[in-house]
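Worksheet for the structure shown next.
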Amino acid sequence: MKIKEEKGYALVLSLLILVVFMVIALSLLGASYNSAKQNSKVEKNYQAVALAEMGIPYYKTSIKHALEKSREWVLDEIEKDESKDYTEQDIFNMMIDKLPDFLKEERVAVDTAASFEIEPVILNSAYPEIVISFSSRGIKGQDGAEKDFMLFAETIIPLQIKAEGTESDPSGGDFLKKISQPVVEDRCKNPDSLDNSCKEVLVTISKTYSGNNKKIQKDVIYALSDLTLSGNGNNLEDSDVHVDGRFTMGKNMNNVKNLTLEVGGSADFKGHLDIEGTSSIYVGGDLKVGKHLTVSEQSKVCVAGKLEVSGHQRISGLLFIKGEDEEDFNKNCSGEQPVKEQASIYWEDFKDNFEYHYGTKK
């Protein structure tokens, strides 16, 4: 009898343990399901954030393309109508009016269930800055289970505009405009170093490049302000260098062949200046050479201001100084033809402001 009673007790205990384990297992399954569901929601949220942020660099590239298209259209219009004199404000207004034709709302699909939408608005802009506000909405999911993330951005684009110039006295530096301003990709605009793969470089701000520059062989270096090369500039060959402002060479510039150098302001060479081949140097201000000046037989130097050379001068080619013979200077340095400068439009780095706002798409 006692054995039967113990067997009944063991059965009850086993059933009780089984029930307890089943309850625990069901609880764990429920928690796991809820956790997986929550993780899925969080993952969609993170993906929506990533998609929204993906839209920012994408659309900044679109803005640059729209600016380039607008610039091309505006400059073509100016060239067509030679009877009208456009001011900087006129050109700015034309850019503002034309930009919306190339800057439109976009939706970009990343995959079948992921995309981002961009919507731009050109705000009240005043010369010289264009202000563009745009939203990037990242969307993840489909069939009514979408999650989105809104990112609002404001971009300020500082324009630099030069209206078409009028005919003027070549001694002011306008006679130098023989080198055309290049249109370059972003990596070739204001680069950190001139020792790069760009064949044409545009420098829109005052810039100093340190170190020796003997490896800077370029087709064009075009500076819209002051330019300083603090090291040597030796062995530069078959290059065009234009500087609107002041040009400074920190050390020697020797063995330079077939160089065209245009300087709107003054030029200061701290060391030797030795030009060979069919080189031409035009200086709208004073030219100062810290050591020796050598001009080969087929080369030419034009100085609208004063010439100061600390060392000896070896002039086998041509040297024209306006203060010494203005008629000869104008004839040989400008062909006695005043230059009418073309209009130009360029822009500096964008200024960005960001504001984040999250919400569920309805």
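The values are calculated or read from the model by the stated rules, or taken from the named source; none is laboratory data. Fair warning: this is a prediction, and the values are worked out from it, not measured in the lab. Don't worry about glycine lacking a Cβ; one is built from the backbone with ideal geometry, like all the others, and counts go over all protein chains shown. The protein model used for the area step is the full one, side chains on, heavy atoms only, and it has no ligands, DNA or RNA in it. Shrake-Rupley method; radii C 1.70, N 1.55, O 1.52, S 1.80 Å.
Taken over segment 287-325, the criterion of being assigned to a loop (DSSP other than H, G, I, E, B), touching a Gly at 6+ places or on another chain (Cβ under 7 Å) and open to solvent by less than 70 Å² (accessible area, probe 1.4 Å) is satisfied by G290, H292, S296, S299, A304, G305. Could you please give the count of residues in segment 57-91 that are under 15 Å from the mean Cα position of the chain (by Cα), surrounded by 12 or more Cβ atoms within 10 Å (Cβ to Cβ) and of a type in the set (S, T, N, Q)? Of the residues in that region, 1 qualify. Taking (1) under 30 Å from E68 (Cα atoms); (2) assigned to a loop (DSSP other than H, G, I, E, B) in turn, E262 satisfies each apart from (2).
Considering only segment 261-279, state which residues are within 16 Å of A304 (Cβ to Cβ) and of a type in the set (V, I, T). Lay out the reasoning, then the answer.
To start, the set of residues in segment 261-279 that are within 16 Å of A304 (Cβ to Cβ) comprises 261-268.
The one that is within 16 Å of A304 (Cβ to Cβ) and of a type in the set (V, I, T): V263.
Which of the residues belonging to segment 106-118 are surrounded by 15 or more Cβ atoms within 10 Å (Cβ to Cβ) and either under 13 Å from S135 (Cα atoms) or not β-branched (V, I, T) (or both)? Hits for segment 106-118 are E106, A113, A114, S115, F116, E117, I118. Of all residues in segment 261-278, those satisfying the criterion of being in contact with a strand residue (DSSP E or B) (Cβ under 6 Å, 6 or more places away or on another chain) and crowded, with 19+ Cβ neighbours inside 10 Å are L261, E262, V263, A267, D268, F269, H272, L273, D274, I275, E276. If you filter segment 178-209 down to residues that are acidic (D, E) and more than 11 Å from the chain's Cα centre (by Cα), you find that the one that is surrounded by the fewest Cβ atoms within 10 Å (Cβ to Cβ) is D192.
Just to be sure, is D111 out of contact with any strand residue (DSSP E or B) (no Cβ under 8 Å at 6 or more places or on another chain), within 19 Å of E68 (Cβ to Cβ) and either of a type outside the set (K, R) or touching a residue at least 12 places away in the same chain (Cβ under 8 Å) (or both)? Against the criterion (out of contact with any strand residue (DSSP E or B) (no Cβ under 8 Å at 6 or more places or on another chain), within 19 Å of E68 (Cβ to Cβ) and either of a type outside the set (K, R) or touching a residue at least 12 places away in the same chain (Cβ under 8 Å) (or both)), D111 does not qualify. Looking at A25, is it surrounded by 13 or more Cβ atoms within 10 Å (Cβ to Cβ), out of contact with any Pro (no Cβ under 9 Å at 6 or more places or on another chain) and either in a helix (DSSP H, G or I) or modelled with pLDDT of 80 or more (or both)? Judged against the criteria, A25 is not a match.
Quick check on this structure: which one of G290, G265, G250, G284 is modelled with pLDDT of 90 or more and not β-branched (V, I, T)? Steps first, please.
Details: G265 fails: modelled with pLDDT of 90 or more; G250 fails: modelled with pLDDT of 90 or more; G284 fails: modelled with pLDDT of 90 or more.
After applying the criteria, what remains is G290.
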